[in-house]
Amino acid sequence: MSDNLVFMFSGQGSQYVGMGKELYENHEAAKKVLDEADQILDFDLKDMIFNGPEEDLNNTKNTQPAIYTVSAMVKAVLAENGLEPAAAAGHSLGEYSALHAAGVLSFEDGLKLVRRRGELMDQADPEGKGTMAAVIGLADEEVEAVLNQVDGIVTVANYNSPGQVVISGEVEAVGKAEELLAEKGAKRVIPLSVSGAFHSPLMEPAKEELKNTIEAVDFNDAQIPLIANVTADYVKESSEIKAALIKQLDNSVRWVETIELFKADDYEDYVEVGPGRVLKGLMRRIDRSLNAYNVEDEKSLKKTLKKLK
């Protein structure tokens, strides 16, 4: 374990058909994780991850266990190669992977939680009343000021990097906000292809049931420093971790502040563990002086191990 190595875990939107396949075929540690997931779940996760169809993989009730499992596969392969995190954080869904990495949750409990979370989020907006959009090129305060002018539900879901936030809420309110933000000078406002208004008050119907589900699971205290999305601060005790996780469902992901706190505490190396390179890209925008890597396949694994070992 490196004393200044942070594992960052991917969230929704990073999934793709075929993710994790190379690692599964080349590493017993990865194979063991995915085979275990298939025994726990009520559907063939491996087939969906490797073969799709993409439409099914992109349904949030399937996306969430798929990304969680692939992230655990990558983590297992890194451990097999002697790389363990000194600290951890995850982006939205990725927070569950971070809890597993920090010893808070067993793999099985985490997998069951994200499967249930995905089902609840899918059910929270059955009529498609909610949507999300990425806003690029405005300061956080400018975006917040515009949202305050809009009637209906629209809020900041993710503070991803300086000049990049994601807004979430009712379709009509988000559409109006998109117009006003463009007028305000946003470089781009990009509607996102999502099945609901995540991290907004529209997730409220799912919150109580998720709370009951989380409360029924045994959480351990964090074994390594761990930062929660909603507070952008360290959480250690199981009770505060549960509270932050429940609150996360309909509140903002404060990713910029998360990375800034790690930096202030002298963490220098960051590995995105799981599919995609979204978090690695955000790191470049937050602070280019920090070392950012990602591991999702054989090529990125070899490259990262060469740099960090």
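Before moving on, here are some points about what is shown:
- The set of residues in the range 1-30 that are among the hydrophobic types (A, V, I, L, M, F, W, C) and either part of a strand (DSSP E or B) or in contact with a Lys or Arg (Cβ under 7 Å, 6 or more places away or on another chain) (or both) comprises LEU5, VAL6, PHE7, MET8, PHE9.
- If you go through the range 205-227 and keep only what is free of Cβ contacts under 8 Å to residues at least 60 places away in the same chain and in a helix (DSSP H, G or I), you end up with LYS207, GLU208, LYS211, ASN212, GLU215.
- None of GLU170, GLU119 is touching a Lys or Arg at 6+ places or on another chain (Cβ under 8 Å) and assigned by TED's automatic domain parsing to the domain that holds SER252 except GLU119.
- Condition broken by ALA292, with the remaining ones in (1) touching a residue at least 40 places away in the same chain (Cβ under 8 Å); (2) touching a Phe, Trp or Tyr at 6+ places or on another chain (Cβ under 7 Å); (3) of a type in the set (A, V, I, L, M, F, W, C) satisfied: (1)
- Helices (runs of 4 or more DSSP H) completely within the range 47-149 that count 2 or more residues being more than 18 Å from the chain's Cα centre (by Cα): 54-57, 60-80, 107-124, 140-147
- Cβ separations smaller than 8 Å between residues 6+ apart or across chains give the following pairs from the range 229-249 residues that are closer than 21 Å to ALA206 by Cβ to residues that are of a type in the set (Asp, Glu) and in a helix (DSSP H, G or I): ASN229/GLU95; LYS242/GLU215; LEU245/GLU95; GLN248/GLU95.
- Residue in the range 105-117 that is farther than 29 Å from PRO225 by Cβ and either small (Gly, Ala, Ser) or at pLDDT 95 or above (or both) present: no
- If you check ALA37, ALA87, ALA29, ALA76 for being surrounded by 16 or more Cβ atoms within 10 Å (Cβ to Cβ) and farther than 19 Å from LEU111 by Cα, only one passes: ALA87.
The values are calculated or read from the model by the stated rules, or taken from the named source; none is laboratory data. Please read all numbers here as calculations on a predicted model, not as lab measurements. Counting neighbours? That spans all protein chains shown, and the Cβs are built from the backbone with ideal geometry, glycine included.
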